[in-house]
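S.K.: Shown below is the structure under consideration.
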Ligand code: ADP
Ligand code: MG
């Protein structure tokens, strides 16, 4: 556990970067620090491993005051990942990853074996090992940065905007792999980002900072979306937070409409008999949805249903998914009927957007009145 106790950092020019910050980052969890540029995120992070010393206050790591631990000893247990990975340009990938274990006195063979294992874990095939950093894409370099930070198996990881410099598709992959890795490793992670969507996706807890290094709110992502503490947080969290909050709400049991389906290769006339409101869902023999078929009155009834004739517009929702996924399946479906499948991708049934909305309303009523409805009023007033 990392505990900030009234930590302040004033730079020599008088800038107060962090102001009496109280914060706990629990062991084995991801705590995200998020806020606009210049709000003191990097300063807060670097005070944990004493790359920056606090002006006042204390930071405790597992109840030990970090000020009393020699900084080299402290950093041995703390991995650090930064935006452009910060790799050594003249060392190969494998040597970059093995650097820290070698410095810690591990023998060369063991350090390399571990480095290969880590590269695999972060999703880099072994043939990258002998390349140099400049021969890798930005996303691949970030993976190496993560592998290198993990090389000494530190219990704590500090990550400063590690995925900010890569394009959105790669960022999404890196985030997903990072979450998968963390579910195996259970490190204590403090993760800095200026991107609220990234914070909400990755954080077990999210600390929103405002400029001047003030903590505006510390909450779970779901709480941040549903109960922003004030107008600043509400504004920072963004406009479609009501919709995004559905991403944390399980759908529970939804009554599903049992859908009559068709197969590729059927005659159009037969498929038409299975249609409702002009649309029929085509599945394979294993009940896995292939797409929707529009069947209006015309067309040759003896023509075959072909894969090319299917509308692939709708997303699929897994039964155990969130209300957001199920609502998205309904809204994106050309037939207006969202397709719900089981864990193996087999059709369970369909649901309309109005049924999902009724479910949302039902859950809202079951949750009782909002304890702090004033956040809504403040938000509306800005
Ligand atoms: P963030 O990471 O949230 O963008 P920083 O922690 O880097 O914010 O900076 C917080 C504030 O401290 C900013 O106003 C920044 O200009 C200032 N700052 C950062 N480093 C120094 C420094 N070495 N000297 C003076 N001011 C600094
Ligand atoms: Mg920063």
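We did not get these values from a lab; they are worked out from the coordinates using the rules stated. Everything quoted here is computed from the prediction, not taken from an experiment. Note: ideal-geometry Cβ built from the backbone for every residue, glycine included; neighbour counts use all protein chains shown.
S.K.: Using a 7 Å offset from Cα along Cα-Cβ at residue 204, what residues in region 136-176 end up with backbone N under 14 Å from the label point?
M.R.: Residues 155-157 qualify, since their backbone N sits under 14 Å from the label point.
S.K.: With only alpha-carbon atoms counted, please give the Rg and Dmax of region 61-110, in Å.
M.R.: That works out to 13.8, 40 Å for Rg and Dmax.
S.K.: Determine the relative contact order of the chain: mean sequence separation of Cα pairs under 8 Å and six or more apart, normalised by residue count, in whole percent.
M.R.: 15
S.K.: Grab the Cα-Cα distance for residue 10 and residue 319, subtract it from 0.36 nm times how many residues apart they are, and report the gain in nm with one decimal.
M.R.: Separation in residues times 0.36 nm, less the Cα-Cα distance, equals 106.1 nm.
S.K.: Would you mind telling me the antiparallel percentage of the DSSP bridges in region 155-309, rounded to 5?
M.R.: So the antiparallel bridges amount to about 65 percent of the total.
S.K.: For region 219-239 and region 16-71, what is the separation of their C-alpha centers, rounded to whole Å?
M.R.: 22
S.K.: Extension gain residue 102-residue 172, at 0.36 nm per residue separation less the Cα-Cα distance, in nm?
M.R.: Length gained, residue 102 through residue 172: 22.0 nm.
S.K.: Which three extents, in whole angstrom, do the alpha-carbon atoms of region 185-302 cover along their principal axes, largest first?
M.R.: So the three principal-axis extents are 72, 36, 26 Å.
S.K.: Where does helix 138-150 land angle-wise versus the long Cα axis of the chain, in degrees 0 to 90, nearest 10?
M.R.: 50
S.K.: For helix 323-332, report the angle its Cα long axis makes with the longest principal axis of the Cα atoms of the chain; keep it between 0 and 90° and round to the nearest 10°.
M.R.: Roughly 50 degrees between the two axes.
S.K.: For the ranges 136-148, 152-164, 63-75, 230-242, what's the packing order if you count other beta-carbon atoms within 10 Å of each residue, average per peptide, and put the highest first?
M.R.: Descending mean neighbour count gives 136-148, 152-164, 230-242, 63-75.
S.K.: May I ask you to derive the FRET efficiency for residue 179 and residue 62 from their Cβ-Cβ distance with R0 = 22 Å, giving the value to the nearest 0.05?
M.R.: Using R0 = 22 Å, I get an efficiency of 0.35.
S.K.: Given R₀ = 22 Å, FRET efficiency for residue 311-residue 286 by Cβ-Cβ distance, to 0.05?
M.R.: 0.60
S.K.: Please identify which residues in region 249-263 have an amide N closer than 16 Å to a label point set 7 Å out from the Cα of residue 361, following the Cα→Cβ vector.
M.R.: 255
S.K.: Additional query: Can you tell me what share of the DSSP beta bridges in region 2-238 is antiparallel? A percent to the nearest 5 is fine.
M.R.: If I count the DSSP bridges inside region 2-238, around 50 percent turn out antiparallel.
S.K.: Considering only region 261-363, what is the antiparallel percent among its DSSP beta bridges, to the nearest 5?
M.R.: 70
S.K.: Could you state, as a whole-number percent, how many of the C-alpha pairs of the chain are farther apart than 40 Å?
M.R.: 33
S.K.: Can you tell me the 0 to 90 degree angle between the C-alpha axis of helix 168-185 and the longest principal axis of the chain, rounded to 10?
M.R.: Helix 168-185 sits roughly 70 degrees off the main axis of the chain.
S.K.: Cα centroids of region 112-176 and region 255-277: how far apart, whole angstrom?
M.R.: A separation of 47 Å, based on Cα centres.
S.K.: Determine the calculated [θ] at 222 nm for the chain from helices alone, applying -39500 (n - 2.57) to every DSSP H run no shorter than 4 residues and normalising by the residue count; nearest 500 deg cm²/dmol.
M.R.: Value at 222 nm, helices only: -10000 deg cm²/dmol.
S.K.: Turning to a different aspect of this structure: Under the √(5λ) rule applied to the eigenvalues of the Cα gyration tensor, what semi-axes describe the equivalent ellipsoid of region 261-363? Give them in Å, descending.
M.R.: For region 261-363, the ellipsoid semi-axes come out as 26, 14, 9 Å.
S.K.: Here is a further query. Hey, how much of the P(r) for region 117-166 falls beyond 14 Å, as a percent of Cα pairs?
M.R.: Within region 117-166, distances greater than 14 Å cover 52 percent of Cα pairs.
S.K.: Under 15 Å from a label point 7 Å along Cα→Cβ of residue 134: give me every residue in region 86-100 with its amide N that close.
M.R.: 87-93
S.K.: Can you give me the distance in nm between label points at residue 239 and residue 270, each placed 7 Å from the Cα along the Cα-to-Cβ direction?
M.R.: About 4.9 nm separates the two model spin labels.
S.K.: Tell me, what is the FRET efficiency for residue 331 and residue 113 to the nearest 0.05, using R0 = 41 angstrom and their Cβ-Cβ distance as r?
M.R.: Efficiency at R0 = 41 Å is approximately 0.25.
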